[in-house]
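Chemist: Quick one: the structure is below, and I'll ask about it shortly.
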């Protein structure tokens with residue numbers, strides 16, 4: 001391995017991070033510098049952004065490109081749970097033509113704008129009653145699975161995938177297969193076959209949903225319709241489920257925090273912001289590469305340098321958040337970068353906020369005695385995605401009368 | 001007096017403004033920012049003024065500018 005030009009030695013993402021407790025290395029890196037050397041899997045020596053202000057700067061500066069899509073090196077094991085396999089030409093074209101995280105500027109904007117309206121604050125409000133029903137049903141399923149049950153499998157994942165199907169417009173009779181494809185993992189051809197069925201259902205019977213909007217949009221090719229649906233299905237398959245289950249761990253780790261919400265459920269919206277800050281899932285978000293020399297934090301990032309932003313580290317930056325390692329549902333955590341920042345920020349964040357709000361509200365009002373039995377989230381996490389994100393692990397809970 | 005400007009050309013539809021200051025900002029059918037009331041927060045010290053400033057700070061695409 002070649003020495004880094006800054007003399008700090010080459011660096012890789014550490015393997016000892018836990019979803020509620022990032023590796024201590026991040027704090028040391030943050031203390032040392034806003035930008036530290038980071039190795040990428042193709043051998044490129046780039047940079048990691050460790051601090052909050054610089055994270056926002058990089059993520060919103062259009063002089064950084066989404067290309068090439070390098071992935072950071074990590075000592076953690078990679079386990080995305082998705083089998084590989086062949087995919088027909090139409091499916092391959094669909095995926096290639098809508099790689100929204102690999103596009104810049106107007107190309108990206110055109111595709112994003114085709115679906116933004118279905119993820120607005122108003123859309124979240126419209127969906128809230130149905131989301132509350134789904135949450136109530138899954139809460140009964142959690143209780144029925146007890147006296148000790150996995151909150152990830154019996155509550156968080158079903159809510160996440162059912163709401164995803166609702167917003168996108170995947171019909172109810174396809175939801176079980178949709179969950180199989182995009183939560184549990186299925187080969188690429190199975191996923192695309194299912195998405196095509198979902199599209200045909202809406203072509204015959206349009207609704208107020210993403211698929212119907214895509215089909216009504218004359219500006220989009222058939223490949224783009226299928227590709228955008230695939231991209232949106234892959235993007236939300238695990239994030240909300242991760243956040244419901246990991247947020248529950250954070251709340252129950254300090255029982256006082258859970259009791260605070262039990263006593264006053266109106267604190268839940270603020271608690272959701274703190275949960276996504278504290279339990280941020282992306283150790284790094286999709287890397288950016290400087291298209292010209294860029295000045296950040298009193299240094300020049302040379303054109304061609306790939307920069308990964310650690311949203312986990314930025315959300316623990318003591319320059320922005322007082323006592324950042326304390327989990328406090330009464331804190332004003334708004335302004336965190338858990339949903340990313342800039343033109344590629346999470347498109348589903350307002351619907352996600354409604355889901356998280358309803359899920360935690362249901363837990364603290366219906367299960368005030370909830371207790372944590374054990375969880376894989378208290379162990380160093382494998383990566384669910386090379387960019388790199390934490391994997392969701394079982395969260396065993398108890399504390400209700402059947 | 002506080003002047004609010006929105007730039008729909010850079011808006012990415014994250015919705016933080018409509019969440020934070022719903023009396024002042026909305027999103028259209030494409031999810032892009034709409035300024036409902038340019039004079040909503042004439043007093044920068046008022047609660048409405050605080051919400052508008054928060055919305056400006058929380059916008060991930062710098063589509064909101066508050067001056068004055």
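Chemist: Quick check on my filter: what residues within the range A:242-286 are within 15 Å of residue A:312 (Cβ to Cβ) and assigned to a loop (DSSP other than H, G, I, E, B)?
Modeler: Hits for the range A:242-286 are A:279, A:280, A:281, A:283, A:284, A:285, A:286.
Chemist: Continuing with the same structure: Looking at A:302, A:290, A:326, A:263, which is the one that is away from chain B (no Cβ under 14 Å), more than 30 Å from residue A:120 (Cα to Cα), out of contact with any helix residue (DSSP H, G or I) (no Cβ under 7 Å at 6 or more places or on another chain) and crowded, with 19+ Cβ neighbours inside 10 Å? Explain how you work it out, then say what you get.
Modeler: Working: A:302 fails: crowded, with 19+ Cβ neighbours inside 10 Å; A:326 fails: crowded, with 19+ Cβ neighbours inside 10 Å; A:263 fails: crowded, with 19+ Cβ neighbours inside 10 Å.
The match here is A:290.
Chemist: Please go through (1) crowded, with 16+ Cβ neighbours inside 10 Å; (2) touching a residue at least 40 places away in the same chain (Cβ under 8 Å); (3) touching a helix residue (DSSP H, G or I) at 6+ places or on another chain (Cβ under 9 Å) for residue A:122 and return the number of the only condition it doesn't satisfy.
Modeler: That leaves (2) as the condition not met.
Residue-wise test of (1) modelled with pLDDT of 95 or more; (2) surrounded by 17 or more Cβ atoms within 10 Å (Cβ to Cβ).
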site	(1), (2)
A:34	yes, yes
A:41	no, no
A:55	yes, yes
A:64	yes, yes
A:80	no, no
A:88	yes, no
A:99	no, no
A:144	yes, no
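Chemist: Return only the number of the condition from (1) part of a loop (DSSP other than H, G, I, E, B); (2) facing chain A (nearest Cβ under 8 Å); (3) buried (at least 17 other Cβ atoms within 10 Å of the Cβ) that residue B:29 does not satisfy.
Modeler: (3)
Chemist: Only one of these is part of a helix (DSSP H, G or I), within 7 Å of another protein chain (Cβ to nearest Cβ) and either under 27 Å from residue A:118 (Cβ atoms) or out of contact with any helix residue (DSSP H, G or I) (no Cβ under 8 Å at 6 or more places or on another chain) (or both): B:57, B:14. Name it.
Modeler: B:57
Chemist: Related question: Among the numbered conditions (1) in contact (Cβ under 8 Å) with a residue 12 or more places away in the chain; (2) within 30 Å of residue A:25 (Cα to Cα), tell me where residue A:112 comes up short.
Modeler: (2)
Chemist: At the interface with another protein chain (Cβ under 8 Å from one of its Cβ atoms) and closer than 19 Å to residue A:269 by Cα - does that describe any residue in the range B:37-53?
Modeler: Looking for residues that are at the interface with another protein chain (Cβ under 8 Å from one of its Cβ atoms) and closer than 19 Å to residue A:269 by Cα, one finds none in the range B:37-53, hence no.
Chemist: Now, a different point. Scanning for something within 14 Å of another protein chain (Cβ to nearest Cβ), within 30 Å of residue A:363 (Cβ to Cβ) and in contact with a strand residue (DSSP E or B) (Cβ under 9 Å, 6 or more places away or on another chain), does the range A:315-323 turn up at least one residue?
Modeler: For the range A:315-323, residues within 14 Å of another protein chain (Cβ to nearest Cβ), within 30 Å of residue A:363 (Cβ to Cβ) and in contact with a strand residue (DSSP E or B) (Cβ under 9 Å, 6 or more places away or on another chain): absent.
Yes/no per residue for (1) in a loop (DSSP other than H, G, I, E, B); (2) touching a residue at least 60 places away in the same chain (Cβ under 8 Å); (3) closer than 17 Å to residue A:234 by Cα:
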residue	(1), (2), (3)
A:46	no, yes, no
A:67	yes, yes, no
A:83	yes, yes, yes
A:95	no, yes, yes
A:106	no, no, no
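Chemist: Could you list, in sequence order, all residues of the range A:113-122 that are in a helix (DSSP H, G or I) and within 7 Å of another protein chain (Cβ to nearest Cβ)?
Modeler: Correct list: A:113, A:116, A:117, A:119, A:121, A:122.
The values are calculated or read from the model by the stated rules, or taken from the named source; none is laboratory data. On a predicted model such as this, the values are computed, not experimentally measured, just so you know. For neighbour counting, all protein chains shown are included, and Cβ atoms are generated from backbone atoms with ideal geometry for every residue, glycine included.
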